[in-house]
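Remarks on the structure that follows.
The values are calculated or read from the model by the stated rules, or taken from the named source; none is laboratory data. Fair warning: this is a prediction, and the values are worked out from it, not measured in the lab. Cβ atoms come from the backbone with ideal geometry, glycine included; neighbour counts cover every protein chain shown. All accessible areas refer to the heavy atoms of the entire protein, side chains included, with ligands and DNA or RNA removed. Shrake-Rupley method; radii C 1.70, N 1.55, O 1.52, S 1.80 Å.
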Amino acid sequence: MAKEITSREENYSQWYNDIVRKANLADHSDVRGCMVIKPHGFAIWENMKNQLDKMFKDTGHVNAYFPLFIPKSYLSKEADHVDGFAKECAVVTHHRLMNDPDGNGVVVDPSAKLEEELIVRPTSETIIWNTYRDWISSYRDLPLLINQWANVVRWEMRTRLFLRTAEFLWQEGHTAHASVEEAVEETRRMLDVYATFAEEYMAMPVIKGVKTANERFAGADDTYTIEALMQDGKALQSGTSHFLGQNFAKAFDVTFLDENNQSNHVWATSWGVSTRLMGALIMAHSDDAGLVIPPRLAPTQVVIVPIPKPGDEIDAAADRIMNELREKGITVKYDNDKKRRPGFKFAEHEMHGTPVRLGIGKRDLANGTIEVARRDTKTKESVNIDDIAAHVEQLLVDIQDNLFNRAKAYLDEHITEVNSWDEFKEVLESKGGFISAHWDGTSESELKIKELTKATIRCIPLDNKQEEGKCVLTGNPSKERVLFAKAY
RNA sequence: CGAGGUGUAGCUCAGUUUGGUAGAGUACACGUCUGGGGGGCGUGUGGUCGCUGGUUCAAGUCCAGUCACCUCGACCA
């Protein structure tokens, strides 16, 4: 079984690539670093997107759309910001092609050079804040709570499908507020939205925390993050929410008059999650037989397989069951392909991650039962055909819970407190996961640890316990533990 | 950008050392026997051997250049 997927034990990276390809999630395109998201992968992303969009709307946000191209001069207005992105920007320099005088197809028309070059957005803070300047004049215009769903481009050296591609899909929220308190509250609110989404929909437990200065978003005063742990013990930053202070307001001169007719710069936030969540979803739950999708995000929650092949009696039973399930809002598909054999279908639906599979054969019908197989545990049971809809409805809930609990148990087991440098290195190498250790708060120590071990500070957990201790590297005094890990 | 590796059928790869008609498995199509976990047998489709140039009577094979991809570094959501 699963003969086409490399096992996680044998080669974790290859396993990941195999899942992406064999589960029809995405392909490498001919364009370096860019992927083609295939229908099954996109369907999962759409489910994520729909749910997140609902959660954004429920917290008072509206959607808008800003240009793909950003004038080069905008990007340089905020010093930290341009430093953070300058090295990975795609630049549009010309606006016209012409026939090659030598007859070799088309070439760039040198006379069509742009007066000011355009940057393909790596993120939209600059163009958005340039626009907000015109939109905001009074405290009555605030807060401004806008999100956009878009593609962005970051010219990455090394790419991996979903986890890091040159072009990716995401949403970016950009908000403006009258007070620092309100902006910080917004930053934290959206972090909570992300955490709730990850845990309740992706069934992926996350740790909420704040980034150190080194790991902070370029241009932010504070970056909050949700960090998840993958099955190979590496951490994955899955979403970030930034408190931007007044940095962009000052860079783009965005001010408002308050109730006392005083002019102030606005306070800002931005927050985003991307198709990287697809990578997180894959690595959080899937196994050597293929993809595992939590029921709440599965494009098809239940598949019915006729055994050994479709027939009048089996088709009728499948129709009846499908109607019952659909009445309960469950998505279901009947795999009545006559050409493929049941064994093949079993393997294929496991590969694609369908949470529940129902097997209907003449033997089952004679007994008045249905074979119910769950993807998360790969176990099967016989269920009375009259109880099937209620059973499946509950089973989907159980699977969702089980996936979360399983991942949560794994996460909890892989947060290790260490108190010495030797122990730090030992745990990092042998066990992986998050290492909870004291750190003296300096960038120098953080960078030294990264250099020595490749582990970085993933975050300082929110509501962190305050305790006296000594930095695991330098022995200098520390007031709290932070979480280290190797990361994607 | 540094180090190493690989480009041959949709996919995985042999063939390159020693130049001489382009191969296998898998996938795909059709037929057939099957049928409760990727089934068997048979027939068939499918290739500018990454690209460009050179050496040669003759290049997948030798030489030079070039491009792409993979692994590991630096960078990063």
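Note on region A:256-373: enclosed helices (runs of 4 or more DSSP H) holding 3 or more residues that are among the acidic types (Asp, Glu) and either touching a Ser or Thr at 6+ places or on another chain (Cβ under 8 Å) or over 29 Å from A:ASN50 (Cβ atoms) (or both) are A:312-327.
Here A:ALA218, A:ALA176, A:ALA203 are screened, and the one residue that is touching a helix residue (DSSP H, G or I) at 6+ places or on another chain (Cβ under 9 Å) and either charged (D, E, K, R) or within 18 Å of A:PRO122 (Cβ to Cβ) (or both) is A:ALA218.
Within the set A:ASP387, A:ASP401, the sole residue that is surrounded by fewer than 16 Cβ atoms within 10 Å (Cβ to Cβ) and more than 28 Å from the chain's Cα centre (by Cα) turns out to be A:ASP387.
Answer yes or no as to whether A:GLU199 is closer than 30 Å to A:TYR488 by Cβ, in contact (Cβ under 8 Å) with a residue 12 or more places away in the chain, open to solvent by 10 Å² or more (accessible area, probe 1.4 Å) and outside any strand (DSSP E or B). Taking the combined requirement at face value, the residue satisfies it. Restricting to region A:78-88, and then to whatever is in contact with a helix residue (DSSP H, G or I) (Cβ under 8 Å, 6 or more places away or on another chain) and of a type outside the set (A, V, I, L, M), can you tell me which residue is most open to solvent (accessible area, probe 1.4 Å)? If we take residues in region A:78-88 being in contact with a helix residue (DSSP H, G or I) (Cβ under 8 Å, 6 or more places away or on another chain) and of a type outside the set (A, V, I, L, M), then A:ASP80 is most open to solvent (accessible area, probe 1.4 Å). Can you find a residue that is open to solvent by 50 Å² or more (accessible area, probe 1.4 Å), within 30 Å of A:ASP440 (Cβ to Cβ), out of contact with any helix residue (DSSP H, G or I) (no Cβ under 8 Å at 6 or more places or on another chain) and of a type in the set (Lys, Arg) anywhere in region A:127-147? So far as region A:127-147 goes, no, none of its residues is open to solvent by 50 Å² or more (accessible area, probe 1.4 Å), within 30 Å of A:ASP440 (Cβ to Cβ), out of contact with any helix residue (DSSP H, G or I) (no Cβ under 8 Å at 6 or more places or on another chain) and of a type in the set (Lys, Arg). The criterion of being under 17 Å from A:LYS49 (Cα atoms) and in contact (Cβ under 8 Å) with a residue 12 or more places away in the chain holds for A:GLY173. Criterion applied to A:PRO295, A:PRO306 was being under 30 Å from A:ALA23 (Cα atoms), touching a Pro at 6+ places or on another chain (Cβ under 6 Å), crowded, with 19+ Cβ neighbours inside 10 Å and in contact (Cβ under 8 Å) with a residue 12 or more places away in the chain, and the one residue passing it is A:PRO295.
Within region A:154-170, the set of residues being part of a loop (DSSP other than H, G, I, E, B) and open to solvent by 30 Å² or more (accessible area, probe 1.4 Å) comprises A:ARG154, A:TRP155, A:GLU156, A:MET157, A:ARG158, A:THR159. For A:ALA213, all conditions in the list (1) open to solvent by less than 20 Å² (accessible area, probe 1.4 Å); (2) in contact with a helix residue (DSSP H, G or I) (Cβ under 7 Å, 6 or more places away or on another chain); (3) aliphatic (A, V, I, L, M) hold save one; what is the number of the exception? Going through the list (1) open to solvent by less than 20 Å² (accessible area, probe 1.4 Å); (2) in contact with a helix residue (DSSP H, G or I) (Cβ under 7 Å, 6 or more places away or on another chain); (3) aliphatic (A, V, I, L, M), A:ALA213 breaks only (1).
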